[in-house]
Amino acid sequence: MNSVTCLSMAGLTAVTFLWSTPALAELPEPVRAMLDAAIATGDESKVRTVAEIARTTNPTDGQEIDAILAIFEAEVAARRQAEAAEKEAKIRSASLFENWAGKGEFGAFRATGNSSNTGITAGLTMNRQGIDWRHNLTGRVDYQRANGVTTREQFLGRYEPNVNISDRFYAYALAQYERDRFQGFSGRYAISGGIGYQALKKDDIQLSLKAGPAYRITEFVDGRSESRIAGLVGIDFDWSITDRLKLTQDTNAVAETGGSAVAIIDSRNTTLDLITGLNATISSKLSARFSYAIEYDSNPPPGAVQTDTLSRVTLIYDF
């Protein structure tokens, strides 16, 4: 017997009880009308509040009120289960190009480190949520040009699919491209794969951790090229402080090992990208975001400094 059948039987039992117990006093018409009006709204909290008031003001009719409430709750549960089943069926039958959602971001930045300037920033994030699989696409551009000279030109592209192994664990893959001539490289490519863990999974707070081996190729502006084995560690933290305010913390660290265990301790180049952001909802589709990023290279190319910082103020549109 499935859960929908059980819920329907629960509602039927409540109706049978309501009509087959002659000892119950008849619920006054104004009270019944008040309950019917609350039920018509479909608002569960409102229905329970009205039912509690009715039970308090009409203590002798408590059983009848409970029976009416049981019918309503059974109908709500059955409707929710039907909606969830319909949603799952649509996800399973969708093609690869369907069920994508995204965010477009545009604003200004202030940079310090290898360049000190103010410019424009734009970003695009796309994600597709399946039953077991998730796909995430990210692109970002920071650009500034003054007096005919480009003083900031940073590009980032990332694709990360992952699949659930259990309720908490998942496997991930990652392909990433970066370009920043002012940090000393014309192209940096990384691929990685490993295991992730959803440490916190609540409505208002989420924390996930991931780690795995990686392989990275760096093409420097002076024409040199390096290929190295690496290890990746990632942290993703989101906290909805209120309905309109959300704190995010994203950290990705990549340590190039040089191929031996000793080199992991004394790595040739460790990079760290740490981004802290605060999102404020303006409307259902629009939000404002302030973020502060630290980009660290332990062994930058000659003439470059180790640490860059980037402050961004942007508007985000959900679609």
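The values are calculated or read from the model by the stated rules, or taken from the named source; none is laboratory data. Owing to the predicted nature of the structure, the values given are computational and were not obtained by experimental measurement. Here Cβ is always computed from backbone atoms with ideal geometry, including for glycine, and neighbour counts include all displayed protein chains.
See the values below:
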| item | result |
| --- | --- |
| Set Thr60, Thr118, Thr56, Thr49: member being hydroxyl-bearing (Ser, Thr, Tyr) and in a strand (DSSP E or B) | Thr118 |
| Subset of the stretch 217-253 [of a type in the set (Asp, Glu) and part of a strand (DSSP E or B)] | Glu219, Glu226, Asp236, Asp238, Asp250 |
| Which numbered condition Ile65 fails, given (1) aliphatic (A, V, I, L, M); (2) over 30 Å from Phe182 (Cβ atoms); (3) in contact (Cβ under 8 Å) with a residue 60 or more places away in the chain; (4) surrounded by 14 or more Cβ atoms within 10 Å (Cβ to Cβ) | (3) |
| Test: Phe106 is in contact with a Phe, Trp or Tyr (Cβ under 9 Å, 6 or more places away or on another chain) and either over 30 Å from Asp308 (Cα atoms) or of a type in the set (Phe, Trp, Tyr) (or both) | yes |
| Residue count for the stretch 166-180, restricted to those that are modelled with pLDDT under 95 and farther than 29 Å from Leu310 by Cα | 3 |
| Residue within the stretch 186-202 that is outside any strand (DSSP E or B) and assigned by TED's automatic domain parsing to the domain that holds Val141 present | yes |
| Qualifying residue in the stretch 209-216 (condition: modelled with pLDDT under 90, more than 18 Å from Leu156 (Cα to Cα) and either in the same structural domain as Ala304 (by TED's automatic domain parsing) or not in a strand (DSSP E or B) (or both)) | yes |
| Count - residues of the stretch 116-154 that are acidic (Asp, Glu), touching an Asp or Glu at 6+ places or on another chain (Cβ under 9 Å) and surrounded by fewer than 16 Cβ atoms within 10 Å (Cβ to Cβ) | 0 |
| Criterion violated by Glu98 - all others in (1) in a loop (DSSP other than H, G, I, E, B); (2) surrounded by 13 or more Cβ atoms within 10 Å (Cβ to Cβ); (3) free of Cβ contacts under 8 Å to residues at least 12 places away in the same chain satisfied | (2) |
| Hey, Thr49 within 28 Å of Ile275 (Cα to Cα), more than 21 Å from the chain's Cα centre (by Cα), without any contact (Cβ under 8 Å) to a residue 24 or more places away in the chain and exposed (fewer than 15 other Cβ atoms within 10 Å of the Cβ) or not | no |
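Residues checked against (1) at pLDDT 85 or above; (2) in contact with a strand residue (DSSP E or B) (Cβ under 7 Å, 6 or more places away or on another chain); (3) under 28 Å from Ala199 (Cβ atoms):
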{"position": "Asn117", "(1), (2), (3)": "no, yes, no"}
{"position": "Arg128", "(1), (2), (3)": "yes, yes, yes"}
{"position": "Leu137", "(1), (2), (3)": "yes, yes, yes"}
{"position": "Val141", "(1), (2), (3)": "yes, yes, no"}
{"position": "Thr151", "(1), (2), (3)": "no, yes, no"}
